[in-house]
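Structure first, then comments.
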Amino acid sequence: MTAPPLVIGETVPVDVGAEREQMERVWGSKRGLWGWITTTNHKEIGKRYITTAFIFFLLGGIEAAMMRAQLSRPENSLIGPDKYNQIFTMHGTTMMFLFAVPIMEALGLYFVPLMVGTRNVAFPRLNAFGYWLFLIGGSFLYVQFFLNTGPDVGWFAYVPLSGPAFGPGKRADTWAQTITFTEIVAIVGAIELIVTVFKQRAVGMSLNRIPIFVWAMLVTAFMIMFAMPAVATASMYLALDRLVGTHFFNPAEGGDVLLWQHMFWFFGHPEVYIIFLPATGLVSTMLPAFTRRPVFGYPAMVLALISVAFMAFGLWVHHMFATGIPQLAASFFTATSTMIAIPTGVQIFCWLATIWSGRPRFATPMLFIMGFIFLFVIGGVTGVMIASVPFDLQVHDTFFIVAHFHYVLVGGAVFPLFGAFYYWFPKVTGRMLSERIGKWNFWLFFIGMNMTFFPMHWLGFYGMPRRVYTYLASTGWGPLNLLSSIGALVIASSVITFLVNVVVSLRGGAVAGDNPWDADTLEWATTSPPPPYNFLHLPVVQGRSALWDEGDERQVTVGTSTERREVLLTTPLDAQPDSRESHPHDSVWPLAMALAIGVLFITAIFTPLALPIGGALALIAFAGWAWPTSQDVESEKSDEKISLEGA
Amino acid sequence: MTKRERVTVDVTELPTIVFGSRGLLWWGTWGFAVAEGMTLFLSIATYFYLRRNFQTYPPLGYPQPDWFAPTIGMAIFLATCIPAYMLKKSAVRLDKDAATRWLVILSVCALVLCGVRTIDFYALRVLWMTSAYGSIQWVLLGFHGSLLVIEAAEVIGTAVLFIKGPVLPRHFPDACDIGNYWYFLVLSWLPIWFIVYIGPRIW
Amino acid sequence: MCSRFAEPAARAGIVVLVVLALAACSRERRTFHDSPPAASVAAESAKAVRSDSGVSRDGPYGNNAWALSQGKQLFSAFNCVGCHSHGGGGMGPPLMDSAWIYGFEPANIYATIANGRPNGMPAFKSRITPQQTWELVAYVRSMSGQGSKAARTNRSDEMEVRPAEAQTKTEKPVLVTPPPTVTPPAQEGHP
């Protein structure tokens, strides 16, 4: 502080220890449990988010293993039909709502601020609130499951099965409320991401220079804003039908069961791309580090992302071909479903061109990328097959569909995700994951994945329906099912290998340094793990590959406060510096708000009193959240510079 | 370990309080408005989807909803745009007294509108559990009503803050965004009022 | 100071959890298999009043959602609706009000369904199993709001004729005098 302020043209001195200490004081969270509860740092919350979502992945995986154990031989009596229904519903619900979407958003919430060169995510308290609500919603589902109240109606909970007449007890209500939780979480995360990307980019990072992962998260966030309300509305109708006797899905009183399917799939199909687009962003962002060249066809990639996002909202009816929709509609949705292969194909060819023209280095993340391309193409091809109505009618609700979407989702999202774990683990923890164990991890996963899901294509052709808890020996499905179950064991061993790798590497992994992969995006410009304020001096970006285009000298910004939390806002398109905005302090109120909403949603299943009680609690939390503390008053000086321009 | 850094941009002179789309909260407010607007849009889509299941609308045996009281309510709704507009203007002038005054007036409006919404429910002349017709009518009103109640809480809370609490410079752009959200609330009520109370009479 | 409060708090927490777990378990259990029929209606209905049978005063299924929904299906499948309507009564007495002629305890209702009653209530013991009878008992009681609210059935996918059982307020059951017997049934009637 005693040092004179830096001015333009000056080189930053080597010794910035005092400045770092000051920033640490301003941006750091308190030590101990209180600091842990109140933190609003996007990296702390992102880490928790990723860990929590990964634990849900493990739980969903255990459920998958239980199903495979039950199906490993005909007329197995390991798990009864009632439990089996709950388990497959839990597996689907967990993987879609508690793992895939949250973990992609969590990666975004961790890395987008780093990649765009800012200090924290926009609306950090909302971010903390989102995490706590996610934790409460996910735990609620599992507590209910252990109380034998786990949903048993499938992850898309079709009425009338899930409706009031045929879904006795509170099982389907558990599902509907879990969905409501996760929708709110997804929407608040999406808003944070959009605002962070539009307003908080580093100076010079114009919209045509942002990393493709950031593009993917931006596009995904917009999709979430338009898709999630559909399932939130639908699950609200379902809850109202079940709890207060409305008739949305009762045909005898003018309701309509297909209304549910339309509403659900209007969300459900974009959902697939909400999971898949961030994964493609991960691939496009990792690839340059392993091919030593910028990704091929940046504009084509970005346009592909955007066009996929639009098309994704125009093909939901292909999930409903078997419901007897008009032929013209069926043809239309066949056409759109096939058409979406075009932008996806553009992306695949761009990746191939990047690898072809680069100097590929097959480290573990790259292996996962190669595995992803191979598996996703298989899943994509079966996708085009089932876009055709006659074929779809043949395999509808069979194991062929199960095979298809596991190739798309495991191959298309989980493989890039594991690649991303290997790639960004050093940034998050400061240590490299072991390459040797990593190779085992990849090959076990790749072999296990094909062993588990490829036979399901045949099983589907042989007519094995999905969601049956057992089958007769005379069907002849036994051997293929056994093969599939052994494959599941191989996948399980691969995931255990990964966990071992994490534990071993956290203790004794090679120290990573700032930029172990010599990559080009901004998160590698800071230390590993990054400090609470991310960058001591906010970077100025020169080109698309920020770190490769800057030469041997980094240009930086000065002038944001070191006395209080402050973020630099830039213009949405060109990222020209526009204003400095004070940034919220840590707070316990987001947790209180999440608890209030949790009470509201969970007790709403049992009593309408939930509304006044939960509402009052939320009101208290809201007041605490928004009311300025003495700390706020202190840091937001009365001599702030106010600009009315554009008001 | 670290690269040499050279200062090329100095942002010391930039403003710290900005209005409109230059600030973060404006984006956040509209973000929520878009997500909520999408929910309302889908509820309206549901209305038209379910409407196909009835030969006449309202279905046989149900009375037409009362249009008079809700239309008066609609007029009140539109009129509250004036205090919202005045709030925005006084906030941009950084006039704390005027902003406080308009926040209080807007709070009163919000409470009045909560009362109006209760009358709106009676004007439906149908219960949610009698048929899908009643269900969607109630949900359209109820969903918009919940937005209204939440916004009423926010307006009243902000009014209390302006009267009692430490008013910081950043609260002026915040007050502006309350005005913006209020516009969304009023505008989104227009189509719902129309299809619920007026539509069945004219088509 | 902390520990002084922590222990009772923890204990209270555990108690709450256990109660929740028990409530959820009895509500959500699904029994698909019949228990072997008891020797007689008297023996079977005695189950409901034996204190050691682990059966609550709402009968074996009074708090069980699955059984209640099965009972609701049986109620229309065996045409109980024909006389009792959807609970409002017709040829037979209403079931959704507080008045009971032959007793409101689960054991009484079991005996009513199994053996029949004067003035037209047929005996069903040779047509439905004891388990199904108990399911019907639970459902019939739920029509006037007896038993756990959380377990009761919601609206049907049918024309709305009355608020669903879950929305029914709990009536306080009272015994009323039976009407004069017209002709005692000579044999087991048929539904």
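Assorted remarks:
- Label positions at A:Asn208 and B:Leu190, each projected 7 Å from the Cα along the C-beta direction, are separated by 3.7 nm.
- Chains A and B together bury roughly 6500 Å² of accessible area, counting both sides, with a 1.4 Å probe on protein heavy atoms only.
- Accessible area in square angstrom per residue, region C:33-175, 1.4 angstrom probe: 45 Å²
- Here region A:207-244 is scanned for amide nitrogen atoms under 20 Å from the site 7 Å beyond the Cα of B:Val149 along Cα-to-Cβ, giving A:232-244.
- FRET efficiency for C:Ala43 and C:Met159, using Cβ-Cβ distance with R0 set to 41 Å, rounded to 0.05: 0.50
- Region C:33-175 shape via C-alpha gyration tensor axes, a/c threshold 1.5: rounded
- Quick note on region A:142-249: its Rg to Rh ratio, both from C-alpha atoms and Rh being the Kirkwood radius, is 1.17.
- Pairing chain C with chain A buries about 2000 Å² of accessible area. This figure sums both sides and uses a 1.4 Å probe.
- Assuming charge only on the beta carbon of Lys and Arg (+1) and of Asp and Glu (-1), the dipole of chain A about its Cα centre is about 1400 debye to the nearest 20.
- Note on chain A: helix-only mean residue ellipticity at 222 nm, from DSSP H runs of 4+ residues weighted -39500 (n - 2.57) and normalised by residue number, equals -20500 deg cm²/dmol.
- MRE, 222 nm, helices only [DSSP H, n ≥ 4, -39500 (n - 2.57), over chain B, to nearest 500]: -24000 deg cm²/dmol
- With DNA, RNA and ligands ignored, accessible area of B:Thr56 (1.4 Å probe; Å², nearest 10): 70 Å²
- At full extension, A:Ala626 and A:Ser474 could sit 48.1 nm farther apart than now, given 0.36 nm per residue minus the alpha carbon distance.
- Dipole magnitude (debye, nearest 20) for region C:33-175, charges at Cβ of Lys, Arg, Asp, Glu: 180 debye
- Calculated FRET efficiency for the pair A:Thr338/A:Ser77, C-beta based, R₀ 45 Å, to 0.05: 0.55
- With respect to chain B, whose longest principal axis is taken over its alpha-carbon atoms, helix B:96-124 is tilted by about 20°.
- Amide proton proximity set for B:Glu5, modelled H, under 5 Å, gap of 5+: A:Val12, A:Arg554
- Pairs beyond 25 Å (Cα-Cα), from A:Lys47/B:Lys3; C:Lys149/C:Lys172; A:Lys30/B:Lys96: A:Lys47/B:Lys3; A:Lys30/B:Lys96
- Once the Cα-Cα distance is subtracted from the 0.36 nm per residue extended length, the A:Tyr462 to A:Arg361 segment shows a gain of 32.2 nm.
- Database remark: amide H of A:Asn76 closer than 5 angstrom to the amide H of A:Tyr471 (H placed geometrically; neighbours at sequence offset of 5 or more, or on other chains; Pro and chain starts carry no H).
- With semi-axes defined as the square roots of five times the eigenvalues of the C-alpha gyration tensor, the equivalent ellipsoid of chain B measures 41, 22, 12 Å, largest first.
- Placing R0 at 30 angstrom, the Cβ-Cβ distance between C:Arg29 and A:Phe166 gives a FRET efficiency of 0.95 after rounding to 0.05.
- Volume of the Cα convex hull of region A:211-326, divided per residue and given in Å³: 116 Å³
- Rolling a 1.4 Å probe over the protein heavy atoms gives chain B an accessible area of 41 Å² per residue.
- Exposure rank, largest accessible area first [C:Arg30, A:Arg209, A:Arg436, A:Arg48; 1.4 Å]: A:Arg436, A:Arg209, C:Arg30, A:Arg48
- Of B:Arg51, A:Arg361, A:Arg201, the order by accessible heavy-atom surface (1.4 Å probe, DNA, RNA and ligands excluded), from most exposed downward, is A:Arg361, B:Arg51, A:Arg201.
- Based on the Stokes-Einstein relation at 10 °C and a viscosity of 1.306 mPa s, and on the Kirkwood radius from alpha carbon pairs, chain A is assigned a translational diffusion coefficient of 61 µm²/s.
- Once the 1.4 Å probe is applied to the protein heavy atoms, chain A comes out at 35 Å² accessible per residue.
- HN-Hα J in Hz across region A:286-301 - Karplus 6.51, -1.76, 1.60, θ = phi - 60°, x for Gly and Pro: 7, 4, x, 5, 9, 10, 6, 8, x, 5, 6, x, 3, x, 4, 4
- Accessible surface for A:Thr521 stands near 10 Å², nearest 10, in the context of the full protein assembly shown (1.4 Å probe).
- The C-alpha atoms of chain A define a longest principal axis, and helix A:101-115 lies at about 20 degrees to it.
- At least 30 Å² of accessible area lost relative to the chain alone, listed for region C:140-159 with a 1.4 Å probe: C:Ala150, C:Asn154, C:Arg155, C:Asp157, C:Met159
- Placing A:Ser77, A:Ser505 in order of accessible area, with the largest value first and a 1.4 Å probe, yields A:Ser77, A:Ser505.
- Model label zone, A:Thr51; criterion: amide N under 17 Å from point 7 Å along Cα-to-beta-carbon; scope region A:482-515: A:499-508
- Rounded accessible area of B:Thr71 (nearest 10 Å², 1.4 Å probe): 40 Å²
- Most simply put, the protein assembly as shown has about 50% antiparallel DSSP beta bridges, counting only bridges with both residues inside it.
- Extension gain for A:Val14 to A:Ala616 (0.36 nm times residue separation, less C-alpha to C-alpha distance): 211.3 nm.
- Apportionment of accessible area to carbon and sulfur, the protein assembly as shown, percent (1.4 Å): 68 percent
- For region A:83-123, residues shielded by at least 40 square angstrom of accessible area compared with the chain on its own, probe 1.4 Å: A:Phe123
The values are calculated or read from the model by the stated rules, or taken from the named source; none is laboratory data. It should be emphasised that the depicted structure is a prediction, and the values quoted were computed from it without experimental measurement. Positions of Cβ are backbone-derived with ideal geometry, glycine not excepted, and every protein chain shown enters the neighbour counts. Ligands, DNA and RNA are stripped out before the accessible areas are found, and what is left, the full protein with its side chains, is counted by its heavy atoms. Shrake-Rupley method; radii C 1.70, N 1.55, O 1.52, S 1.80 Å.
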